[in-house]
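A short write-up of the structure that comes next.
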Amino acid sequence: MNIRSAPAVRYEMVDGTALIAIDNPPVNASSHDVRTALLEAVRQAEADEAVDAIAIFGAGRTFIAGADIREFGKPPKDPILPDVNNAIEACAKPVIAILHGTALGGGFEVALAAHARIALPGTQVGLPEVTLGVLPGAGGTQRAPRLIGIAKALEIITEGRRIGAEEALEMGLIDRIAEGEPRDVALEMAEEVRQGNLGTRRTGELQVSPDDAAIADVSERLKAKQAHLFSPHKAVEAVAGCTGPLAEGLAQERALFRQCIESPQRAGLIHAFFAERAVAKIPEAGATPRPVAGAGVIGGGTMGSGIATAMLLAGLNVTLVERDEEALARGRASVEGNLAQAVKRGKLDEAKRAAILAERLKATTDLGALAEADLIVEAVFEDLEVKTELFARLDAIAREGAVLATNTSYLDVDRIAAATSRPQDVVGLHFFSPAHVMKLIEVVVGDKTAAEVVATGFALAKRLRKIAVRAGVCDGFIGNRILAHYRKSVDYLMMDGATPQQIDPALTGFGFAMGPFAVSDLAGLDIGWATRKRHAAMRPAEERYIPIADRICEEGWFGRKTGKGFYVYPQGGKPEPNPEVARIIDEERAKAGILPRNFEDDEIVDRYMTAMIAEAARVLEDGIAQRPIDIDAVFLFGYGFPRFRGGPLHYADTLGAKELVARIERYAEEDAHYWQVPPLLARMAREGTRFADMNEG
Ligand code: 3H9
């Protein structure tokens with residue numbers, strides 16, 4: 001036996017089989033070390049006369065999960081993965097790939113270049129590159145269609161979805177499923193090859209039939225649904241080139257891949273990928289979460305029933321409490337409706353739905369039923385007095401060590417905690433509506449919140465498959481505080497000359513899922529109205545106040561739920577601008593003596609984004625968010641921020657602090673109260689630093 005150790009790849013020879021184990025934890029990404037050592041290992045095996053079969057597999061929990069995306073954006077270092085894969089495919093001896101865990105992207109492309117692919121049960125394969133703003137750039141766009149045809153290849157590449165071993169086998173992406181440890185399977189399959197029981201072939205030598213209809217179809221679909229995105233369109237272009245000679249197709253794929261690498265969307269999408277993971281890095285990460293099996297939810301409105309649904313779907317027992325039978329029946333019906341939707345969308349089967357309702361959901365009007373709950377989330381009316389009173393009652397009921405959480409979206413968590421004798425057990429768990437769908441939870445950490453209570457919030461989020469972001473206490477925490485600020489910028493634009501039906505498309509054009517006026521209509525205009533009334537007494541005299549939304553509410557138009565708001569919502573028809581709103585705007589402009597002026601779409605976006613970034617900088621400086629990337633995550637996962645732009649502060653770095661300060665100073669000539677340069681941004685402009693620098697610290 002000949003054993004040689006290499007930094008990221010282990011090589012051994014056993015009875016004529018060269019075993020090449022990729023060992024680059026945590027996910028065996030094909031970093032420069034891996035590529036160098038893998039190529040060397042394949043060459044060594046090819047040159048060694050004693051070797052008659054070569055097997056590549058992953059050490060640890062997975063095969064290669066993809067290219068090392070931390071290398072993207074830096075100059076590529078030889079050997080590049082396409083060359084490694086070409087060498088594997090060209091190898092004169094049979095090369096087999098044994099897949100386990102997740103064989104994704106560049107990892108799966110290594111497998112596609114091998115002469116046969118064997119997966120362990122439970123393996124997932126796929127080409128998810130478009131989700132990171134690139135395309136399969138190591139032969140995937142050329143080899144996948146040669147195995148499964150152009151139509152199927154386009155589907156898996158443009159969707160980027162993960163494919164289970166069974167489906168991959170059925171499609172022809174892999175050749176066999178085999179049980180065992182990867183190394184044992186490698187030896188066994190090499191023997192199968194020797195015996196002639198497992199066929200091997202070079203994927204690149206297979207013929208592929210042209211399919212112009214499939215290419216036209218998917219191009220149309222992408223134009224309609226993903227017009228903003230760059231890389232899926234480029235991926236289609238690359239696949240379209242697969243009917244010619246392999247070398248030409250590969251060269252074109254490489255050129256298109258490089259275009260994607262250079263695109264700002266790649267940087268944005270990869271930032272979003274890391275943001276999703278970075279938020280888990282909190283000071284309390286070492287604390288042990290308290291076990292949670294049974295939870296209580298107080299309040300069966302949209303929020304409470306959504307939270308209860310999310311918990312039930314994650315396997316928790318839930319006691320839903322409402323103040324009277326009527327509200328309780330509504331809350332229960334709403335949970336039932338959510339679960340029925342989950343069945344419809346294929347997320348739950350009928351038997352499980354019935355079991356959840358029969359065994360794990362308890363609905364009651366008795367707060368005392370929460371005495372044994374491990375965690376209680378309050379989702380009652382947004383009023384400090386109501387909440388403090390409730391927490392005082394909970395203090396007397398909940399068992400020792402139970403986590404007491406408030407779902408408040410603005411209120412002072414410390415004051416709520418102070419209503420109990422155990423402020424260390426109180427935390428904010430700010431879910432976003434609809435809570436069983438939206439990914440974000442802000443975990444609001446009070447002055448006295450215990451580390452293990454924070455850790456419990458994060459553990460719960462993980463269990464609910466949500467993304468938790470740590471936030472400090474202030475009015476609105478991270479997201480709503482920033483929203484409350486930048487939302488005003490569009491009211492100012494509306495007052496000064498733009499219309500809701502110009503502003504909304506300008507912002508969806510930037511990539512937001514919905515425009516701010518359509519969002520207000522959806523959320524209910526009465527909610528903002530109530531908040532404005534509550535804040536009226538505290539509003540600084542210098543603040544410019546735009547009464548248009550109040551006027552709309554005074555008419556009884558609260559948005560979608562009343563059929564009218566900024567838009568009118570005809571039964572079954574498309575929303576149209578509400579002509580009455582145009583009249584109200586004209587009247588208010590006349591009252592204020594404003595002569596409407598023209599705003600280009602770019603200016604609308606610039607003002608909106610600058611206002612958002614300015615408040616985000618203040619949130620950061622106040623220590624409400626830990627790092628810029630946490631703010632990015634809040635907006636990506638809670639506010640429909642376009643993922644390909646990476647989040648507001650990633651986007652801010654693409655503009656630079658100097659440009660942002662210059663904009664704020666320019667806008668301040670019209671309104672010096674609203675447009676103030678945050679000290680942090682001024683410092684960044686002076687020092688030439690970026691928000692990204694603070695993520696690394
Ligand atoms: C590509 O392959 C391009 C090619 O076509 C062309 C080349 C020329 N690189 O997610 P986790 C880190 S594009 C670097 O928490 P899980 C991750 O940040 C790529 N690092 O674990 C985290 O670090 P930390 C196509 C990576 O078990 C740690 O590993 N591939 C990479 O929940 C653990 O990750 C993909 O799109 C990477 N590629 O999920 C797959 N991947 O601990 C992307 C992960 O410091 N990856 N890390 O926070 C995934 O989908 C999931 O990570 C995976 C594991 C399913 C693999």
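The values are calculated or read from the model by the stated rules, or taken from the named source; none is laboratory data. All values reported here derive from a predicted model rather than from experimental measurement. Neighbour counts run over all protein chains shown; Cβ positions are idealised from the backbone, glycine included. Keep in mind that these areas ignore ligands, DNA and RNA; they rest on the heavy atoms of the full protein, side chains included. Shrake-Rupley method; radii C 1.70, N 1.55, O 1.52, S 1.80 Å.
For region 301-323, the count of residues that are over 23 Å from Lys387 (Cα atoms), free of Cβ contacts under 8 Å to residues at least 12 places away in the same chain and either surrounded by fewer than 18 Cβ atoms within 10 Å (Cβ to Cβ) or within 16 Å of the ligand (Cβ to nearest atom) (or both) is zero.
Which residue out of Lys77, Lys93 is closer than 24 Å to Ala247 by Cβ and open to solvent by 70 Å² or more (accessible area, probe 1.4 Å)?
Working: Lys93 fails: open to solvent by 70 Å² or more (accessible area, probe 1.4 Å).
None of the other options fit; the residue is Lys77.
Considering region 16-38, the residues that are over 15 Å from Ala111 (Cα atoms), of a type in the set (Gly, Ala, Ser) and not in a loop (DSSP other than H, G, I, E, B) include one that is farthest from the ligand (Cβ to nearest atom), namely Ala18.
Are any of the residues in region 100-109 under 27 Å from the mean Cα position of the chain (by Cα) and more than 14 Å from the ligand (Cβ to nearest atom)? Before the answer, list the steps.
Here is the first cut: in region 100-109, the ones under 27 Å from the mean Cα position of the chain (by Cα) are 100-109.
Add one more test, that the residue is more than 14 Å from the ligand (Cβ to nearest atom), and what stays is none.
No.
For region 576-616, a residue qualifies if it is surrounded by fewer than 18 Cβ atoms within 10 Å (Cβ to Cβ), in contact with a Phe, Trp or Tyr (Cβ under 9 Å, 6 or more places away or on another chain) and over 22 Å from Phe641 (Cα atoms), and the qualifying residues are Glu576, Pro577, Glu580.
Contact map, region 108-132: first residue open to solvent by 10 Å² or more (accessible area, probe 1.4 Å), second residue part of a helix (DSSP H, G or I) and within 8 Å of the ligand (Cβ to nearest atom), Cβ cut-off under 9 Å, separation 6 or more or different chains; pairs are Glu129/Gly106; Glu129/Gly140; Glu129/Phe257; Thr131/Phe273; Leu132/Ile69; Leu132/Phe273.
Confirm whether His650 is open to solvent by 30 Å² or more (accessible area, probe 1.4 Å) and outside any helix (DSSP H, G or I).
Judged against the criteria, His650 is not a match.
Ile416 fails exactly one of the following numbered conditions: (1) among the aliphatic types (A, V, I, L, M); (2) within 24 Å of Thr309 (Cα to Cα); (3) assigned to a helix (DSSP H, G or I). What is the number of that condition? Single failed check for Ile416: (2).
For the criterion of being touching a helix residue (DSSP H, G or I) at 6+ places or on another chain (Cβ under 6 Å), modelled with pLDDT of 95 or more and surrounded by fewer than 20 Cβ atoms within 10 Å (Cβ to Cβ), Leu198 fails.
Can Arg551 be described as open to solvent by 20 Å² or more (accessible area, probe 1.4 Å) and farther than 28 Å from Phe477 by Cα? Taking the combined requirement at face value, the residue satisfies it.
Where in region 286-378 are there strands (runs of 3 or more DSSP E), lying wholly inside it, with at least 3 residues that are among the small types (Gly, Ala, Ser)? Walk me through how you get there before you give the answer.
Values: elements: 294-298, 317-321, 361-364, 375-378.
By residue number, 294-298.
In region 164-180, is there at least one residue being within 11 Å of the ligand (Cβ to nearest atom) and either crowded, with 24+ Cβ neighbours inside 10 Å or touching a residue at least 40 places away in the same chain (Cβ under 8 Å) (or both)? Taking every residue of region 164-180 in turn, none turns out to be within 11 Å of the ligand (Cβ to nearest atom) and either crowded, with 24+ Cβ neighbours inside 10 Å or touching a residue at least 40 places away in the same chain (Cβ under 8 Å) (or both). For region 230-237, the count of residues that are modelled with pLDDT of 95 or more, more than 22 Å from the chain's Cα centre (by Cα) and not in a helix (DSSP H, G or I) is zero. Screening region 110-119 for residues that are touching a helix residue (DSSP H, G or I) at 6+ places or on another chain (Cβ under 9 Å) and within 16 Å of Ala21 (Cα to Cα) and picking the one that is farthest from the ligand (Cβ to nearest atom) gives Ile118.
Each row is one residue, and each column tells you yes or no for (1) more than 13 Å from Arg290 (Cα to Cα); (2) open to solvent by less than 10 Å² (accessible area, probe 1.4 Å); (3) outside any loop (DSSP other than H, G, I, E, B).
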position: Leu429; (1), (2), (3): yes, yes, yes
position: Ala435; (1), (2), (3): yes, yes, no
position: Glu442; (1), (2), (3): yes, yes, yes
position: Asp447; (1), (2), (3): yes, no, no
position: Val453; (1), (2), (3): no, yes, yes
position: Lys462; (1), (2), (3): yes, no, yes
position: Arg470; (1), (2), (3): yes, no, yes
position: Cys474; (1), (2), (3): yes, no, no
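Candidates are the residues of region 61-74 that are within 11 Å of the ligand (Cβ to nearest atom) and part of a loop (DSSP other than H, G, I, E, B); the one that is surrounded by the fewest Cβ atoms within 10 Å (Cβ to Cβ) is Arg61. If I filter region 39-58 for residues that are within 11 Å of the ligand (Cβ to nearest atom) and not in a strand (DSSP E or B), do I get at least one hit? No, region 39-58 has no match at all.
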